[in-house]
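The values are calculated or read from the model by the stated rules, or taken from the named source; none is laboratory data. Since the model is a prediction, treat every value here as computed from it, not as a measurement. Here the Cβ positions follow ideal geometry from the backbone for every residue, glycine too, while neighbour counts run over all protein chains shown.
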Amino acid sequence: MIDQLLEGNAGFVSGEFASDEAYYHSIAARQRPKVLWIGCSDSRVSEHQMTGSKPGTMFVHRNVANIVAFNDVNIAAILEYGVVHLKIEDIIVCGHTRCGGIAAIEDGVRENYIADWLCIATGAKEATDRIARERKLSREEKLEVLTEENVKLQIKHLNNLALIRNMHAKGNLPRIHGWLYRVETGAIEVLVDGRGPIGRRASRKPARRSGGR
């Protein structure tokens, strides 16, 4: 696999990089991302590929189950650098279907560090349990609801962080969006549309694909 990756890089250099060399030189000099992306570490979920965007477009943080933790210095530093220094105006929290982390939240997990991390999503599990009882959901339906509730919970966590809370007190930036990526179809659904009032629930429609940079 390592050799394949290096061969792939050679193909990238001679192909995509060479064909758009001026663009890659421009982002080598300075990055100007427009979006801060908080997604899952899942190997099937590539933010650039699913949105048809190029390197330099997004400032990215990924972890198991796209969680925003209050005590995570890593995500705190990424948020501060992104919105304060890079002046990013849009943050996307993107969950995805068939997520192993979401299944572990539902089923429980014994591994120490994974269990401790996923307990940050307890609020999403509790909300989903109530919805599942009311609607008599199947396991597959419940996992999808849990994925959505987790995105909504992590947006709530974001809005409660002092940095974001203080910025919102001065205006509507950064705008915060909640998306669901379907690994089985490749489509994105907008769960929370940050372009309206903060935290507004969106209709379940696929998002438009980006046209490039």
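For the range 2-45, enumerate the residues that are more than 25 Å from ALA76 (Cβ to Cβ) and assigned to a loop (DSSP other than H, G, I, E, B).
Selection gives ASP20, SER43, ARG44.
Can you name the condition, by its number, that ASP42 falls short on among (1) under 24 Å from LYS87 (Cα atoms); (2) at pLDDT 95 or above?
Unmet for ASP42, out of (1) under 24 Å from LYS87 (Cα atoms); (2) at pLDDT 95 or above: (1).
Working only within the range 83-101, note down all residues that are within 17 Å of GLN31 (Cβ to Cβ) and surrounded by fewer than 24 Cβ atoms within 10 Å (Cβ to Cβ).
VAL83, VAL84, HIS85, LEU86, LYS87, ILE88, GLU89, ASP90, listed by residue number.
Would you confirm whether or not the range 108-116 contains a residue that is touching a residue at least 60 places away in the same chain (Cβ under 8 Å), closer than 21 Å to ARG139 by Cβ, outside any strand (DSSP E or B) and of a type in the set (Gly, Ala, Ser)?
Restricting attention to the range 108-116, the residues satisfying the condition of being touching a residue at least 60 places away in the same chain (Cβ under 8 Å) are none.
No.
Looking at the range 130-142, which of its residues are crowded, with 16+ Cβ neighbours inside 10 Å and either within 23 Å of the chain's Cα centre (by Cα) or free of Cβ contacts under 8 Å to residues at least 12 places away in the same chain (or both)?
Selection gives LEU137, LYS142.
If I filter the range 12-33 for residues that are within 18 Å of GLY194 (Cβ to Cβ) and without any contact (Cβ under 8 Å) to a residue 60 or more places away in the chain, do I get at least one hit? It would help to see each step written out before you state the result.
Of the range 12-33, the ones within 18 Å of GLY194 (Cβ to Cβ) are 33.
Remaining after also requiring without any contact (Cβ under 8 Å) to a residue 60 or more places away in the chain: 33.
Scanning the range 12-33 turns up at least one residue that is within 18 Å of GLY194 (Cβ to Cβ) and without any contact (Cβ under 8 Å) to a residue 60 or more places away in the chain.
Which residues, taken from the range 164-179, are loosely packed, with under 11 Cβ neighbours inside 10 Å and assigned to a loop (DSSP other than H, G, I, E, B)?
Of everything in the range 164-179, just one residue is loosely packed, with under 11 Cβ neighbours inside 10 Å and assigned to a loop (DSSP other than H, G, I, E, B), namely GLY171.
Checking the conditions here, which among ARG133, ARG175 is modelled with pLDDT of 95 or more and touching a strand residue (DSSP E or B) at 6+ places or on another chain (Cβ under 7 Å)?
Numbers: ARG133 fails: touching a strand residue (DSSP E or B) at 6+ places or on another chain (Cβ under 7 Å).
Going through ARG133, ARG175 in turn, the sole match is ARG175.
In the range 59-80, what residues are of a type outside the set (S, T, N, Q), touching a residue at least 24 places away in the same chain (Cβ under 8 Å) and assigned to a loop (DSSP other than H, G, I, E, B)?
Correct list: VAL64, ALA65, ILE67, VAL68, ALA69, PHE70.
Would you confirm, using the coordinates I've provided, whether LYS152 is at pLDDT 95 or above, in a helix (DSSP H, G or I) and touching a strand residue (DSSP E or B) at 6+ places or on another chain (Cβ under 7 Å)?
Working: at pLDDT 95 or above: yes; in a helix (DSSP H, G or I): yes; touching a strand residue (DSSP E or B) at 6+ places or on another chain (Cβ under 7 Å): yes.
Yes: the conditions hold for LYS152.
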